[in-house]
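To start, the structure itself, in structure tokens.
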Amino acid sequence: MIKYLGSKRLLLPRILELIEPLAGIRTVLDLFSGTSRVAQAFKRRGLVVHGNDHNAYAATLATCYVQADRRRVQRPAERLIAELDALPGAAGWFTETFCVRARYLQPVNGARVDAIRERIARLALEPELEAIALVSLMEAADRVDSTTGVQMAYLKGWSARSHQPLRLRMPELLPGAGSASCLDALDAARRVRADLIYLDPPYNQHSYLGNYHVWESLVRWDKPEVYGIAMKRRDVRERGSAFNRRGTIGAALAEVISAARARWILVSFNDEGYLTPADVEAMLARRGAVTRVEVPYRRYVGHRIGIYNPQGVKVGTPGPARNRELLFLADAREPGVQHDGRRAHRSSATPAALT
């Protein structure tokens with residue numbers, strides 16, 4: 001799994017604990033799936049999961065880990081990964097952009113990325129196999145990168161791990177049905193029906209596209225125009241999210257909650273976000289009775305490493321080492337139905353399939 005700001009790995013036991021007693025949960029929509037770590041946990045529980053994210057790299061992770069069924073694709077994927085891992089390096093756009101003009105990976109590893117990615121593009125693979133190959137390459141590059149964990153900058157000197165050779169590994173696929181999409185959150189909330197919808201939206205100014213633009217370019221392979229020392233994609237400036245702006249996050253989250261086609265709505269938020277816990281709870285209360293859980297949480301790895309400017313020089317002083325992660329579970333009803341203050345009626349009706 002790639003290094004990722006906001007990963008919910010340590011919060012997973014509490015998330016699963018919250019949904020365990022809910023009757024009739026068979027289908028789940030993870031609306032902001034990111035690395036798909038939470039979606040994978042749901043799938044391991046035997047649930048039918050749909051992972052969605054508007055960033056291509058995250059949708060690819062969901063296609064690999066949520067949509068792909070290990071029972072069907074494991075053997076052809078193993079053969080594909082072995083073939084790709086045997087390719088010699090051939091420097092190209094990736095090497096020039098991220099290893100020469102920038103210093104995310106050593107050039108020798110960048111050349112391997114170029115060769116493998118070009119071969120994937122030429123193979124015209126089915127979606128699941130292509131996603132598995134791309135995830136294997138993304139994770140291999142992540143293991144030998146020279147960053148603090150985000151791609152807003154790279155280290156001034158090469159990290160120790162960057163000197164290791166890039167090697168592909170077979171992703172740990174899961175058996176069972178699932179699906180994935182690369183949609184705007186509101187579009188996905190309107191289109192996909194599930195028993196439970198899980199929301200882990202961005203909560204402050206930090207853009208996931210900006211933080212992981214190298215993976216976005218690797219997956220899209222559109223060789224975009226780039227800017228700045230970090231070599232960000234030009235569309236980082238154009239694909240801004242309403243969830244990354246103080247003035248628009250409230251309306252954006254409220255609209256998604258209102259549109260959710262689910263009986264249960266589970267929201268993960270953070271006490272350092274633009275919205276207060278009371279704000280989030282009030283939005284959910286319009287759909288039904290709300291349960292709130294607070295979990296002390298150690299901040300992401302970049303906080304422990306420190307703050308660096310684009311030249312790789314350590315600057316500034318991080319804030320507190322811990323914050324609070326908040327989980328809100330709403331016993332929801334149909335979209336548009338306002339809560340009247342009474343606890344929503346519990347139903348044992350058969351859950352609807354994902355659409």
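Note on the chain: Cα convex hull, mean projected area over all directions, 17.2 nm².
A simple count of charges around Pro127, restricted to other residues whose Cβ falls under 13 Å of its Cβ and scoring Lys, Arg +1 and Asp, Glu -1, yields -3. For Lys3, the accessible area of its heavy atoms, probed at 1.4 Å with every protein chain present, is near 60 square angstrom.
Could you pull out the trypsin sites (Lys or Arg not before Pro) across segment 216-291 that fall in loop regions by DSSP (anything but H, G, I, E, B) with no more than 13 other Cβ atoms inside 10 Å?
When the trypsin sites (Lys or Arg not before Pro) of segment 216-291 are filtered for loop state and at most 13 Cβ neighbours within 10 Å, Arg237, Arg246 remain.
For the chain, relative contact order (Cα pairs under 8 Å, six or more residues apart, normalised by length) works out to 20 percent.
Under 20 Å between alpha carbons: how many lysine pairs meet that in the chain, if sequence neighbours fewer than 8 apart on the same chain are excluded? Step by step, the pairs that qualify in the chain add up to 7. Given in Å, the Rg to one decimal and the Dmax to the nearest whole number for the Cα atoms of segment 65-126 are 14.0, 42.
Helix screen, the chain: DSSP H segments with Cα axial length of 18 Å or more and mean Kyte-Doolittle hydropathy at least -1.0 are 107-123, 127-143. 3J(HN,Hα) along segment 221-228: 6, 9, 6, x, 5, 10, 9, x Hz, from the Karplus curve 6.51 cos²θ - 1.76 cosθ + 1.60 with θ = phi - 60°, whole Hz, x for Gly and Pro.
Highest mobility in the GNM of the chain, judged by mean-square fluctuation with C-alpha springs under 10 Å and restricted to Arg75, Arg101, Arg324, is found for Arg75. With springs only between Cα atoms under 10 Å, which of Pro13, Pro202, Pro175 fluctuates most in a Gaussian network model of the chain? Among Pro13, Pro202, Pro175, the largest GNM mean-square fluctuation belongs to Pro13. Only beta bridges with both residues in the chain are counted; by DSSP, about 55 percent of them are antiparallel. When the helices of the chain are scored as -39500 (n - 2.57) per DSSP H run of n ≥ 4 and the total is divided over every residue, the value at 222 nm lands at -9500 deg cm²/dmol.
The values are calculated or read from the model by the stated rules, or taken from the named source; none is laboratory data. Everything quoted here is computed from the prediction, not taken from an experiment. FYI the Cβ positions are ideal-geometry reconstructions off the backbone, even for glycines, and counts take in every protein chain you see. Accessible surface is based on the protein model in full, side chains and every heavy atom, while ligands, DNA and RNA are left aside. Shrake-Rupley method; radii C 1.70, N 1.55, O 1.52, S 1.80 Å.
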